[in-house]
Amino acid sequence: MQVETLTSGRTSILMMDFAGVAAADAEKRRALVTEARPLAEEELRQKGAVLLRGLGVDSAADFHDVVACFGDPFVEYLHGNSPRKAVHEGVWTSTEYPAEYDISLHNELSQAYRWPDRLFFCCLTVAQAGGETPVSDGRAMLSEMDPEVRARFEAHGVAYLQSMHGGYGLGRSWQETYETEDSAKVEEYLQAADVSFSWTDDEDLRIRQVRPATRRHPITGEEVWFNQAEQWHISNLPKKDADALLAMVESDEELPLTATFGDGSPIPIEDLEHVRDLARRNECAFGWQRGDVLMIDNMLVMHGRHAFSGPRQVLVAMT
């Protein structure tokens with residue numbers, strides 16, 4: 001096994017190259033991953049991202065086997081805002097978001113009361129151009145952030161507002177989001193998750209949840225930037241798309257996604273642009289190869305996606 005560190009800005013990815021395992025040799029793959037696990041987990045706590053290459057991963061089932069060497073994969077994906085398709089138990093497409101758009105750097109489910117500790121991405125089809133999965137260190141975000149911007153976020157937190165239609169409308173339906181047609185089950189889940197909600201006369205679901213902008217990592221004790229304020233805010237969209245969306249609604253409450261400070265006051269656009277600039281400044285990316293598996297600590301680093309052309313298949317699993 002060869003080990004190399006990829007670094008950009010203040011973000012690093014440890015690459016562990018196993019120099020080629022036959023796709024059919026599942027037993028050898030599991031043995032190599034199990035042997036490498038202590039080093040991978042140590043480096044994950046330091047760098048936040050580890051790339052496993054050359055393991056001969058050729059399918060969603062192979063990918064699931066690799067993930068299972070590190071823990072029990074999630075078997076459901078509830079409360080998320082990214083469109084995904086299940087392809088295997090505990091494995092989804094990373095996103096069905098249109099290829100022509102970047103996906104900004106964020107922490108998965110940081111708007112929720114429960115989030116995955118680790119994310120695993122696997123590339124089965126490499127895009128013709130673009131399509132990288134960049135990561136950016138949340139510790140660096142805080143250390144470089146304008147103190148006044150940081151103080152505003154830390155004082156107020158972030159309120160995430162989501163409007164989900166009941167079968168027809170903008171964005172995702174609540175049935176898709178919560179994988180059920182039973183509104184009572186949705187209400188039970190939201191109450192347990194400390195989420196404020198209401199139903200409209202058209203059976204649309206509107207929710208509001210207030211979460212901290214930063215959190216402490218449960219193992220390292222480090223304070224990290226951990227939220228999705230800039231991604232949920234409409235200013236994250238290209239201006240023409242944002243203008244078109246605003247023209248279709250009567251109030252911000254009808255937007256599929258939006259964000260404010262936790263006290264309901266608007267987040268200054270300048271603050272959001274500052275956050276985006278810091279995330280990009282420390283972004284570290286690499287060119288996918290077929291069978292690559294990227295493991296990230298969801299609290300230490302943010303992840304995103306570059307726009308791409310041509311077919312691309314990147315899967316995701318969570319523990």
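The values are calculated or read from the model by the stated rules, or taken from the named source; none is laboratory data. Keep in mind it's a predicted model, so treat the numbers as computed, not measured. Cβ atoms come from the backbone with ideal geometry, glycine included; neighbour counts cover every protein chain shown. Note: accessible area is taken over every heavy atom of the protein model, side chains too, but ligands, DNA and RNA are not part of it. Shrake-Rupley method; radii C 1.70, N 1.55, O 1.52, S 1.80 Å.
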For segment 145-176, give me the residue count where each residue is open to solvent by less than 30 Å² (accessible area, probe 1.4 Å) and under 22 Å from GLY262 (Cβ atoms).
10
Which one is nearest to GLN228 (Cα to Cα) among residues in segment 306-317 that are surrounded by fewer than 24 Cβ atoms within 10 Å (Cβ to Cβ) and out of contact with any Cys (no Cβ under 6 Å at 6 or more places or on another chain)?
HIS306
Give all pairs with beta carbons closer than 6 Å in which a residue from segment 136-159 that is in a helix (DSSP H, G or I) meets a residue that is exposed (fewer than 14 other Cβ atoms within 10 Å of the Cβ); count only pairs at least 6 apart in sequence or on separate chains.
HIS156/ASP263
What's the number of the condition LEU294 fails, among (1) at pLDDT 95 or above; (2) of a type outside the set (D, E, K, R); (3) farther than 20 Å from THR93 by Cβ?
(3)
Check segment 176-189 and report whether any residue there is over 19 Å from the mean Cα position of the chain (by Cα) and within 28 Å of GLU273 (Cα to Cα).
no
It is to be established whether one or more residues within segment 60-74 are buried (at least 19 other Cβ atoms within 10 Å of the Cβ) and within 24 Å of ALA213 (Cα to Cα).
no
If I ask for residues that are among the polar types (S, T, N, Q), open to solvent by 30 Å² or more (accessible area, probe 1.4 Å) and more than 12 Å from MET299 (Cα to Cα), which ones from segment 204-230 would you list?
none
Unique residue being aliphatic (A, V, I, L, M), surrounded by fewer than 15 Cβ atoms within 10 Å (Cβ to Cβ) and closer than 30 Å to GLY166 by Cβ when the list is ALA242, ALA247:
ALA247
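Among what's in segment 288-304 and is closer than 20 Å to ALA60 by Cα and of a type outside the set (Phe, Trp, Tyr), pick the residue that is nearest to the chain's Cα centre (by Cα). Show your work before the answer.
Residues of segment 288-304 that are closer than 20 Å to ALA60 by Cα, as a first pass: 288-296.
In the following step, the residues that additionally are of a type outside the set (Phe, Trp, Tyr) were identified as 289-296.
Values: GLN289: 21, ARG290: 21, GLY291: 20, ASP292: 18, VAL293: 16, LEU294: 13, MET295: 12, ILE296: 10 Å.
Residue satisfying both the conditions and the ranking: ILE296.
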Please count how many residues of segment 75-101 are crowded, with 20+ Cβ neighbours inside 10 Å, part of a strand (DSSP E or B) and not aliphatic (A, V, I, L, M).
1
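Determine whether ASP137 is over 18 Å from VAL314 (Cα atoms), touching a strand residue (DSSP E or B) at 6+ places or on another chain (Cβ under 6 Å) and either open to solvent by less than 20 Å² (accessible area, probe 1.4 Å) or not hydrophobic (A, V, I, L, M, F, W, C) (or both).
Numbers: over 18 Å from VAL314 (Cα atoms): yes; touching a strand residue (DSSP E or B) at 6+ places or on another chain (Cβ under 6 Å): yes; either open to solvent by less than 20 Å² (accessible area, probe 1.4 Å) or not hydrophobic (A, V, I, L, M, F, W, C) (or both): yes.
Yes; evaluated as a whole, the condition is true for this residue.
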Every listed condition ((1) open to solvent by 50 Å² or more (accessible area, probe 1.4 Å); (2) assigned to a loop (DSSP other than H, G, I, E, B)) holds for VAL21 save (1)
Among the residues of segment 280-297, are any out of contact with any strand residue (DSSP E or B) (no Cβ under 6 Å at 6 or more places or on another chain), without any contact (Cβ under 8 Å) to a residue 24 or more places away in the chain and outside any loop (DSSP other than H, G, I, E, B)?
no
Within segment 102-131, which residues are in contact with a helix residue (DSSP H, G or I) (Cβ under 8 Å, 6 or more places away or on another chain) and buried (at least 23 other Cβ atoms within 10 Å of the Cβ)?
LEU105, HIS106, ASN107, GLN111, PHE120, CYS122
Identify all residues within segment 250-296 that are surrounded by fewer than 19 Cβ atoms within 10 Å (Cβ to Cβ) and aromatic (Phe, Trp, Tyr); write none if there are none.
PHE286
